[in-house]
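**Q** Would you mind keeping the following structure in view while I ask a few things?
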Amino acid sequence: MTTARPVARQGDPPLLVMRGIRKTFGSLVAVDDVDLEVRAGEIHALLGENGAGKSTLMNCLFGLTRPDQGDILIRGETVHVTSPRRALALGIGMVHQHFKLVPSLSVADNVFLGSEPHHGPFLDRRHSHRVVGELAERYGLDVRPDDLVRSLSVGAQQRVEILRALAKDVSVLVLDEPTAVLTPAETERFFQVVRGFAADGLAVVLISHHLREVREVADTVTVLRRGRRVAHEPIHAVTNAELAGLITGDAPPADSEVPFGTPGDVRLRVEGIELVSGRGKTVVDGVDLTVRAGEIVGVLGIAGNGQTELVEAITGLRTPAAGRVLVGPVDVTGAGPSAARAAGMAHVPEDRIGRGMAGNLSVEANITAGHLGSPEVGGRLLSAPRIRRLAAGLMTAFDVRAASPRQLMRRLSGGNAQKTVLAREFSRDPDLVVCAEPTRGLDIAAAAFVRRELVARRDSGGAVLLVSSEIEEVVAIADRVLVMSRGRIVAEFVDRRPTEAEVGRAMLEGSSS
Amino acid sequence: ASAATSAAGGSSASSAATASAAPSVPAEALNIIAPLSGQLGDQSFMDSANDGLQRAAADLGVSVKVIEAGADDAPAWERNLTEASATGESGLIVTGGTVMASTLEKVAAQFPDQKYLIFDSPSVGPNTTGISYAQNEGAFLVGVLAALITTNPDTFPRATGSKKIGLVGGMDIPVIRDFAVGYEQGAKSIDPSITVDLRFVGDFESAQGAYDLTKAMYGDGSDVVYQVAGAAGLGVLQAGADNGRYALGTDSDQNQLHPESTPASAIKAVGNTVYSGIQAFQAGTLEMGTTIVGNIANDGVGIAFNDALVPADIQAQVEALSQKVVDGTITVDTAL
Amino acid sequence: MSGVSGFLAILLTSLVPILATAMGGMFAERARASNIALDGCMLVAALAALAVGTAVGNPWVGVVAGMVAGALWAGVLSAAVYGLGCDLIIAGIAANLLAVGASLLVVQGVLGSTGTYAPTGTTLIPRPSLGFLADIPVIGPALQNQSALVWVTVLVTVAASIVLQRTRFGLHVKAVGESDEAALAVGVKPVQIRVAALLISGALAGIGGAYLSISSVASFNSQLTGGLGFIAFAAVVFGRATPWGTIGASLLFAAATSVAVRLQGTDLGLQQIVHALPYVATVVALAVQAVRESRRRRYDVSITQYVPAIIPKG
Amino acid sequence: MTTQIPAPDPTESSPRVGWLRAGARRVVPLGLRQSVLAVVLGLVVCFGVILLVADDPATAFSSFLTGTFKTRYAFGNMIAIGTVLIFTALAATVSFRAGAFNIGTEGQLVLGGLVAAVVVVAVPGPGILAQLVALVCAALAGAAWVALPAWLRIRFGTNEILTTLMFNYIAADLALFLVNRFFRDKTSGAVETPPLPTDLWLTRLLVPSPANVGVILALLVAAGAWLVFDRTRTGRRMEIAGVQPAFAEYLGIRSTRYLLTSLLSSGALAGLGGGVAVLGITHAYVSGFSPQYGFLGITVALIGRLRPGGVVLAAFLYAMLMTGATSMQSASNVPFALVFVLQGVLVLLVTSQRIGGRS
Ligand SMILES: Nc1ncnc2c1ncn2[C@@H]1O[C@H](COP(=O)(O)OP(=O)(O)OP(=O)(O)O)[C@@H](O)[C@H]1O
Ligand SMILES: Nc1ncnc2c1ncn2[C@@H]1O[C@H](COP(=O)(O)OP(=O)(O)OP(=O)(O)O)[C@@H](O)[C@H]1O
Ligand SMILES: [Mg+2]
Ligand SMILES: [Mg+2]
């Protein structure tokens, strides 16, 4: 039952209204009293730092989490979104930041998962294939209904996610960082599609970290900072600089200017590394690089361009199909992690949870795990007091905050877990540190701590290979920046700090599709 | 009615008196504990023993407590036997099963004043009386019958005259081999060209497995299959009924389970011998350190015919050979 | 009956308990709720089928009772896993132990029998005659007079395959088996689907169990499965939890049993060893499968995915 | 800047059969409190069953709980059973800690027992030497029997739960074959080796009970296990490899080597348990000498929280329940099967994450 419509400033009444939304996780307030209004035909950008609460807010809208407080209104009526199924029924669709697809099912099955067209108990595959085909055609999304999702490229998977939202006949469409994994060409095509949605009268919420993109497509922006809404403006009313200020807060960036180091001997030499995946795809295609003492070498690339595999090859976790890895003078190619470690390498792994720690062992066991070979932990038999002392010392030095050294590792927060990894790796006083995505998921203070530690290692004569997808971070502290794309090094910036734009262009231009 | 050559008739479990450990038994009455090496319910060996025990309880005024144990739990046999001995309250401990012999030997030595009766085993010490059965002789008789069946398809309409007979054993263990030897000898004494198909279920429990095995044996030509497979043997008898051939029962009279296809059962008169053992003990005539051998001569083993299927002349032929065993003209081989 | 027909006949009868059970196990496996308690489900089902079938006087009621009992037992497993938070595998092992204990207690405490429970007067599952069809060479004699449960199993197998491949439920099972996140995002509840899959696995194992106790012989004891439930489980694993794979693996293991039965007839004098053939076949099949899989993923991205610990250290 | 790598790697094939790729699996029960609570709850369940089936529940329950301590014999029995359970539970512990499920301890134990019975009479010289050689051979036999499943698991990731389980059945058939063919006591109708001469029996304690000096060996082995687990680098590395193989790999720990060592030790311990059971309890290889000691060991290991000390306590506790059940069986009409129920219930309760769990 529609009542008198409030006359909105920009004409139509908002299709979607979120009012006073609040969501806490334990003591953390992820979303704090946030309002959001989106009109039909509007593309509304939702901006904010990592952890600002964007995804959480949208998860509340989509029924993936229940807000502690606040109302959601669709076309002026209060709705209770209790589950994703309910959200879809209400005409709310979401394309998730982390894809939620079932790899072994077909595109059509994925698109209709949870609300399959059916005759009685049986699936009506003919119908679902037809609908998927039609939608794909209409919006120019290039996918085939019976392809298996696991055989699709990342971009195609994203299209499947979008189709899934569209197939439900939605009026509100949430796109959570949809372009993070797309190539520039894909991004461009994608934005055309999004404009098409808006033209069809959908209310679109777009989460992105790319101001340029946002400016290109969005009509309105809302900025969150630490769970609070700090701005809500038409896009043309704010400049990029103003937006950046709103996103990061008034405080200047935490890192002060890092001076260059003074390179010494070669500590890591990688020659012509090639890696082939199980399906015969070349993922690393002849990479050469060197890292010297007193130098941080940054390797940047969009996810999936071979960095992960390169690091695994360097650290001995993977045997390359061709090429050599020398740590100092020692050839450690294919000799396993223990050889690389013995040669003086430390490794801060990308997969912190799975590789970098044992969540079900104590912090003490984790932090001393790299020292089992040394006399610090006892003679022929281990000495419990010595282990305890070593662990306590490391925890203090690296500011690891845990209830007790005996606390389970998996109960630590992300930042403290990463500090534990650093403590274990750096305290072995390695000649060479290979670290991958060392600040992923960390808050600003923790990330700054990690960067300071990396610079400190360099300044005390260590060699650091920093593999990351965070341009800002690499540009800020690396002495040399290499850009990796499609398994090759496609650009190198020596003796100067490149601008983020320069590097970003290099990353995107060579990017795989 | 079954004309058993042994006194094993009426051994079906239904006739067993349910009364037993009545607390009202006077103090001087005989107290019997019977720790067994397996579980009841096989409608065969163990049930037959239990039948004898329960009849003793009903008729002789003794109190009986049967203690079962897993058939594959040797430590429990020893435990139960020792516990029973240690109470000192039991005038006679009855136990049984070939597998129990070595355990009893150990335990009986520790309780020289305790008296034991063990069935299906020779005596294992001065304070034990053994009852052993010439199962090879019983098997000999059913072997003779099996041979007569497969060579007389006219008399036995379900037979094909293949001159092939079978035996399904539970597991390939010595006692079962003893059955097999007697069975084969009996068959060959009728016609040396008869072949015996010997197969094993692998355990004494899986009736379905025995059923399939037997079915295969009929498929391979056996006219009649003799089961020596404990509880699994029910599958053999059922297969005989289902496949239009014959099957032979064992230990107890199993003819009535499938009267149309079970011409006879070999009998081990376990219940009867246990019963008379207890009776002798009460009368003070049970000699410790000796072994009572149940054979054809003393009706300890025998054959129970299904009169509806086995005509008198055939029964007479079996009887004739039976007599030869009794008078020593024929010696039945043994695997033990 | 020719040698081949005889072989096929035994293969079919050995196939029923493995295949029916494995088709159920397939659902559970596909939903990532491996039911290692299939053996226990079969055991309790065998007892329920026999006891109820005998009491009611109708073997089909017994089969249904067996399915219900099997499903109930899988329900116990679900409760332990999703209610008590036990590890799936450990709880499965425990459910198997419990099945032995519970069935022994019921046999003794309720049915008043011990060891083997073999009631008299039980009506068995009928063995339909095929009429003139029995004259078809080779196949006819093999199919003639097979237990009606053989045909039921064929139907169940077809139905289970269709349910998995062509129904919404099947799709949800597969989705849940691969990604809880993906399922949750579209409102499919993983635990609910897993419990349903487990219940189905228990019910179908119930058919396998009932076959052992009221199809050919009316008798039950706690050893009657002889590990068939585990063989069925191995068939699921070997068949990669796909319908065709599971059917093929079940056929393979049933064939091993059939071969063992036949080899016994040829006097090799190694009868105990022949008896182990189905178990050996299972190990060989699993090994072959693993070798194949490991070839395929030799160069693949290393798997760092960690199955979360069952329980933290105290 | 963007940070996410959300997409599943399309090159990685998704594991279809969940745990086929045997991953780490850790079976460490929660706190001591839970073990105690589980035992108490388990007994409550038993009491419920007893109430249902017993004619005289009070007698049944009291003999269940106190039967072990009524006679010296029963007590010795408890020690004897506990001794073997310590071995099999340590066997389970070693494999669980290494992240593998050795469900084949039963088969390893059976073959260990057979080998001990055969070797002990074949070794010339004094009894003690023969016993030592026999026990070593028993352990080797146990290790040998797990070697193939272990190798398959390590080399190809074969599901060791199923292979070790199948090896139990194969072991039973193999043992039957070997005894029948070569080692049978020709004077006996049962499948057993000839009774050992008394000087080859493990020295008995608490005569006439089957308790024997094997218990000292068991305690020594448990102490050794504690030392290895808690005080050596090998133990720590084994633990890391078991808890999280990827972490171990990253640290340069050859997790497969530790896994192999663990599984072989596990088999050896089970085989040793079989040797002790044969030389100390049945004094001959008797078909059925093991009332499922191997499977019971798994339960005991879990109740003992995968720690040697806990295992020792749990083994004796469990043995007490078993001897108690024996005495209950003679004193009442409650069947021994109750122990199986108790066992199942205990496993569920001990491994539950929702009972008595402290966070
Ligand atoms: N399920 C959860 N449990 C605990 N904390 C959570 C949960 N989900 C989100 N958070 C926390 O809430 C905060 C907001 O997270 P959210 O995912 O909404 O951020 P975001 O703005 O989407 O960041 P990003 O740009 O990195 O995607 C973060 O601190 C995050 O750690
Ligand atoms: N699944 C969850 N459910 C409820 N609360 C959670 C959950 N995960 C984390 N929390 C709580 O959210 C808060 C933030 O946790 P988080 O792991 O994000 O730490 P953090 O503040 O980001 O620390 P760091 O910067 O070191 O990563 C903590 O109080 C934690 O207890
Ligand atoms: Mg987000
Ligand atoms: Mg955090």
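The values are calculated or read from the model by the stated rules, or taken from the named source; none is laboratory data. As the structure is a prediction and not an experimental result, all values here were calculated from the model. Cβ atoms come from the backbone with ideal geometry, glycine included; neighbour counts cover every protein chain shown. These accessible areas exclude ligands, DNA and RNA; they are computed on the full protein's heavy atoms, side chains included. Shrake-Rupley method; radii C 1.70, N 1.55, O 1.52, S 1.80 Å.
**Q** Are there any pairs with C-beta distances below 8 angstrom linking a residue in segment D:36-64 that is farther than 12 Å from residue D:339 by Cα and within 14 Å of chain C (Cβ to nearest Cβ) to a residue that is part of a helix (DSSP H, G or I) and open to solvent by 70 Å² or more (accessible area, probe 1.4 Å), with the two at least 6 apart or on different chains, and if so which?
**A** So the pair list comes out as D:57/D:47; D:57/D:51.
**Q** In segment C:49-64, what count of residues is obtained for those that are open to solvent by less than 20 Å² (accessible area, probe 1.4 Å) and either among the aliphatic types (A, V, I, L, M) or under 17 Å from residue C:233 (Cα atoms) (or both)?
**A** 3
**Q** What pairs come up if the first residue lies in segment A:23-52 and is within 14 Å of chain D (Cβ to nearest Cβ), the second is away from ligand 3 (no atom under 16 Å from the Cβ) and outside any strand (DSSP E or B), and their beta carbons are under 7 Å apart, counting only those six or more places apart or on different chains?
**A** A:47/A:243; A:49/A:248
**Q** Just need a number here: residues in segment C:113-135 that are in contact with a Gly (Cβ under 8 Å, 6 or more places away or on another chain), more than 7 Å from every other protein chain (Cβ to nearest Cβ) and among the hydrophobic types (A, V, I, L, M, F, W, C).
**A** The qualifying residues number 3.
**Q** Could you grab me the full set of residues in segment B:284-306 that are over 17 Å from the mean Cα position of the chain (by Cα) and either over 19 Å from residue B:124 (Cα atoms) or open to solvent by less than 10 Å² (accessible area, probe 1.4 Å) (or both)?
**A** Selection gives B:284, B:306.
**Q** When both residues are 6+ apart or on different chains and their Cβ atoms are under 6 Å apart, which pairs have a first residue that lies in segment C:100-112 and is in contact (Cβ under 8 Å) with a residue 12 or more places away in the chain and facing chain D (nearest Cβ under 8 Å), and a second that is polar (S, T, N, Q) and surrounded by 23 or more Cβ atoms within 10 Å (Cβ to Cβ)?
**A** Correct list of pairs: C:100/C:222; C:104/C:222.
**Q** Then there is this: Please work out which one of (1) crowded, with 24+ Cβ neighbours inside 10 Å; (2) of a type in the set (Gly, Ala, Ser); (3) closer than 28 Å to residue D:245 by Cα is the condition residue D:67 fails and give its number.
**A** Single failed check for residue D:67: (3).
**Q** Please give the number of the condition residue C:120 fails out of (1) open to solvent by 60 Å² or more (accessible area, probe 1.4 Å); (2) β-branched (Val, Ile, Thr); (3) closer than 30 Å to residue D:347 by Cβ.
**A** (3)
**Q** Applying the selection to segment A:26-38, what residues are touching a Ser or Thr at 6+ places or on another chain (Cβ under 8 Å) and within 14 Å of ligand 2 (Cβ to nearest atom)?
**A** Within segment A:26-38, A:30, A:31 meet the criteria.
**Q** Sort out for me the strands (runs of 3 or more DSSP E) sitting completely within segment B:60-149 that have 1 or more residues that are under 25 Å from residue B:202 (Cα atoms) and open to solvent by 20 Å² or more (accessible area, probe 1.4 Å).
**A** It comes to B:128-133.
**Q** Condition check: charged (D, E, K, R), away from ligand 4 (no atom under 16 Å from the Cβ) and open to solvent by 40 Å² or more (accessible area, probe 1.4 Å). Does residue A:386 satisfy that? Can you show your working first?
**A** On the way: charged (D, E, K, R): yes; away from ligand 4 (no atom under 16 Å from the Cβ): yes; open to solvent by 40 Å² or more (accessible area, probe 1.4 Å): yes.
Spelling it out, residue A:386 is indeed charged (D, E, K, R), away from ligand 4 (no atom under 16 Å from the Cβ) and open to solvent by 40 Å² or more (accessible area, probe 1.4 Å).
**Q** May I pose another question? Considering every residue within segment A:494-511, establish whether at least one is hydrophobic (A, V, I, L, M, F, W, C), out of contact with any Leu (no Cβ under 7 Å at 6 or more places or on another chain), modelled with pLDDT of 80 or more and open to solvent by less than 40 Å² (accessible area, probe 1.4 Å).
**A** Quick first cut of segment A:494-511, residues hydrophobic (A, V, I, L, M, F, W, C) only: A:494, A:501, A:503, A:506-508.
Applying the additional criterion that residues be out of contact with any Leu (no Cβ under 7 Å at 6 or more places or on another chain) yields A:494, A:501, A:506, A:508.
Still in the running and modelled with pLDDT of 80 or more: A:494.
Now narrow it down to the ones that are open to solvent by less than 40 Å² (accessible area, probe 1.4 Å): none.
Within segment A:494-511 (the criterion being hydrophobic (A, V, I, L, M, F, W, C), out of contact with any Leu (no Cβ under 7 Å at 6 or more places or on another chain), modelled with pLDDT of 80 or more and open to solvent by less than 40 Å² (accessible area, probe 1.4 Å)), the answer is no, since none of the residues qualifies.
**Q** Residue A:351: within 12 Å of ligand 2 (Cβ to nearest atom), open to solvent by 30 Å² or more (accessible area, probe 1.4 Å) and either outside any strand (DSSP E or B) or over 30 Å from residue A:484 (Cβ atoms) (or both), yes or no?
**A** So residue A:351 does not fit the description; no.
**Q** Give me a count of the residues in segment A:104-113 that are within 13 Å of chain C (Cβ to nearest Cβ), within 26 Å of the chain's Cα centre (by Cα) and either within 16 Å of ligand 1 (Cβ to nearest atom) or assigned to a helix (DSSP H, G or I) (or both).
**A** Qualifying residue count, segment A:104-113: 2.
**Q** Still on this structure: I'd like to check which strands (runs of 3 or more DSSP E) are fully inside segment A:16-103 and have at least 3 residues that are within 16 Å of ligand 3 (Cβ to nearest atom) and not charged (D, E, K, R).
**A** Details: elements: A:28-39, A:43-47, A:69-74, A:77-79, A:92-95.
Here the list reads A:28-39, A:43-47.
**Q** Is it fair to say residue C:37 is among the small types (Gly, Ala, Ser) and touching a helix residue (DSSP H, G or I) at 6+ places or on another chain (Cβ under 8 Å)?
**A** yes
**Q** List, please: which pairs have Cβ atoms under 8 Å, are six or more places apart or on different chains, and start with a residue in segment C:228-243 that is in a loop (DSSP other than H, G, I, E, B) and end with one that is surrounded by fewer than 24 Cβ atoms within 10 Å (Cβ to Cβ) and at pLDDT 90 or above?
**A** C:239/C:245; C:239/C:247; C:239/C:248
**Q** Within segment A:183-212, take every residue that is buried (at least 18 other Cβ atoms within 10 Å of the Cβ) and within 16 Å of ligand 3 (Cβ to nearest atom) and give me the one that is nearest to the other protein chains (Cβ to nearest Cβ).
**A** For segment A:183-212, the residue satisfying everything is A:209.
**Q** Scan segment A:379-401 residue by residue and report those that are part of a loop (DSSP other than H, G, I, E, B), more than 23 Å from residue A:433 (Cα to Cα) and away from ligand 2 (no atom under 11 Å from the Cβ).
**A** Across segment A:379-401, the qualifying residues are A:379, A:380, A:381, A:383.
**Q** Identify, please: which residue in segment A:449-466 is open to solvent by less than 10 Å² (accessible area, probe 1.4 Å) and in contact (Cβ under 8 Å) with a residue 40 or more places away in the chain and is, among those, farthest from ligand 2 (Cβ to nearest atom)?
**A** A:463
**Q** Can you name the residue in segment A:318-335 that is within 28 Å of the chain's Cα centre (by Cα) and of a type outside the set (Ser, Thr, Tyr) and, of all such residues, is nearest to the other protein chains (Cβ to nearest Cβ)?
**A** Among those residues, the one meeting the criterion is A:318.
**Q** Okay, next question. For segment D:316-343, what are the residues that are more than 8 Å from chain C (Cβ to nearest Cβ), in a helix (DSSP H, G or I) and open to solvent by less than 10 Å² (accessible area, probe 1.4 Å)?
**A** D:318, D:319, D:321, D:322, D:323, D:324, D:325, D:326, D:328
**Q** Among what's in segment C:89-100 and is crowded, with 24+ Cβ neighbours inside 10 Å and more than 16 Å from the chain's Cα centre (by Cα), pick the residue that is modelled with the highest pLDDT.
**A** Per the criteria, the residue is C:98.
**Q** Still on this structure, I have one more. I need a count of the residues in segment D:286-321 that are under 15 Å from the mean Cα position of the chain (by Cα) and closer than 30 Å to residue D:177 by Cα.
**A** Looking only at that region, the number is 11.
**Q** Turning to a different aspect of this structure: For segment C:129-222, list the helices (runs of 4 or more DSSP H) that sit wholly inside it and hold at least 2 residues that are closer than 21 Å to residue C:66 by Cα and in contact with a Leu (Cβ under 8 Å, 6 or more places away or on another chain); which are they?
**A** Counting at least 2 such residues, we get C:148-166, C:190-214.
**Q** Got a number for residues in segment A:61-86 being within 14 Å of chain C (Cβ to nearest Cβ) and either within 15 Å of ligand 1 (Cβ to nearest atom) or touching a Leu at 6+ places or on another chain (Cβ under 9 Å) (or both)?
**A** 9
**Q** Go through (1) within 16 Å of ligand 1 (Cβ to nearest atom); (2) within 12 Å of another protein chain (Cβ to nearest Cβ); (3) of a type in the set (A, V, I, L, M) one by one and return the number of the condition residue A:412 breaks.
**A** Checking residue A:412 against (1) within 16 Å of ligand 1 (Cβ to nearest atom); (2) within 12 Å of another protein chain (Cβ to nearest Cβ); (3) of a type in the set (A, V, I, L, M), the one that fails is (2).
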